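Below is one structure, written out as structure tokens, with a few remarks after it.
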Amino acid sequence: MTSSLPALIVIDVQCAFDEWEAGGKRRNNPDAVARIADLLQAFRARGAPVFHIRHEGTKPNSSFLPSRSGYAVKDEARERPGETVIVKRVNSAFIGTDLEARLRASGIGTLVICGATTNHCVETTTRMAGNLGFDARLVRDATWTFERIGPDGDTHSAEAIHAMTLSNLNGEFARIVTTGDVIASFAAK
């Protein structure tokens, strides 16, 4: 049995990223969480499955330790009763979790992926989704990242990292879409 509805995979929309930004880390795509809220509303209205992925840090200084304020999910992306929450401890939502088994048991073949950060947990989960044979759609305006300093000491902007990550994934691991594309596809059915 295959579900005709895609599943929404919401990755790591946690308060730790607000703390990073407040600490001076610069991010791109400031409207990403609002777009995630739009996706959640559309999926819930259609009765489509939603999977919330939450990162749990394992290092003593991690912003994502359950005992720290950064572990909490942002209000806009908080799960509702009946929606699945999967806790991961590495950058892929498929490693050390039952995400794949749950998707396969439900006959879900299409995944709409959003969340944080574009070039870490979102990218790793998207690559694995593609490699596992899922029809992955990464929502470009519903994910974000932060600027980084490379091993050469050069600063790479969040916008450039985001764009390069999307370019790397496009066509091979996923189809890159917008929130509007996803919502329009629901309206067309």
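The values are calculated or read from the model by the stated rules, or taken from the named source; none is laboratory data. All values derive from a computational prediction rather than experimental measurement. Neighbour counts are summed over all protein chains in view; Cβ atoms, including those assigned to glycine, are modelled from backbone coordinates with ideal geometry. What goes into the accessible areas is simple: the full protein's heavy atoms, side chains included, and nothing from ligands, DNA or RNA. Shrake-Rupley method; radii C 1.70, N 1.55, O 1.52, S 1.80 Å.
Tell me, please, whether a residue that is open to solvent by 20 Å² or more (accessible area, probe 1.4 Å), of a type in the set (Ser, Thr, Tyr), touching a residue at least 12 places away in the same chain (Cβ under 8 Å) and in contact with a strand residue (DSSP E or B) (Cβ under 6 Å, 6 or more places away or on another chain) can be found in region 110-121.
Residues of region 110-121 that are open to solvent by 20 Å² or more (accessible area, probe 1.4 Å), as a first pass: 110, 119-120.
With the extra rule that they be of a type in the set (Ser, Thr, Tyr), the set shrinks to 110.
Remaining after also requiring touching a residue at least 12 places away in the same chain (Cβ under 8 Å): 110.
Remaining after also requiring in contact with a strand residue (DSSP E or B) (Cβ under 6 Å, 6 or more places away or on another chain): 110.
The answer is yes; a qualifying residue exists.
Keeping to region 128-155, report how many residues are surrounded by 14 or more Cβ atoms within 10 Å (Cβ to Cβ), out of contact with any strand residue (DSSP E or B) (no Cβ under 8 Å at 6 or more places or on another chain) and either touching a residue at least 60 places away in the same chain (Cβ under 8 Å) or among the charged types (D, E, K, R) (or both).
1
With (1) within 17 Å of Gly57 (Cα to Cα); (2) part of a loop (DSSP other than H, G, I, E, B); (3) free of Cβ contacts under 8 Å to residues at least 60 places away in the same chain as the list, and Arg80 as the residue in question, which single condition is left unmet?
The single condition Arg80 does not satisfy is (1).
Looking at Leu99, Leu103, which is the one that is in contact with a Leu (Cβ under 9 Å, 6 or more places away or on another chain), within 22 Å of Gly47 (Cα to Cα) and aliphatic (A, V, I, L, M)? Let's see the steps before the verdict.
Working: Leu99 fails: in contact with a Leu (Cβ under 9 Å, 6 or more places away or on another chain).
The conditions single out Leu103.
Does Gly82 count as open to solvent by 60 Å² or more (accessible area, probe 1.4 Å) and over 19 Å from Ser4 (Cα atoms)?
Working: open to solvent by 60 Å² or more (accessible area, probe 1.4 Å): yes; over 19 Å from Ser4 (Cα atoms): yes.
Considered against the rule, which asks whether it is open to solvent by 60 Å² or more (accessible area, probe 1.4 Å) and over 19 Å from Ser4 (Cα atoms), Gly82 comes out as yes.
I'd like the residue in region 36-77 that is assigned to a helix (DSSP H, G or I) and open to solvent by 40 Å² or more (accessible area, probe 1.4 Å) and, out of all such residues, is nearest to Cys15 (Cα to Cα). Outline the logic, then answer.
Kept after step one, since they are assigned to a helix (DSSP H, G or I), are these residues of region 36-77: 36-46, 69-71, 75-77.
Still in the running and open to solvent by 40 Å² or more (accessible area, probe 1.4 Å): 38, 41, 44-46, 69, 75-76.
On the way: Asp38: 19, Gln41: 20, Arg44: 23, Ala45: 26, Arg46: 28, Ser69: 7, Asp75: 9, Glu76: 11 Å.
Only one residue fits best here, namely Ser69.
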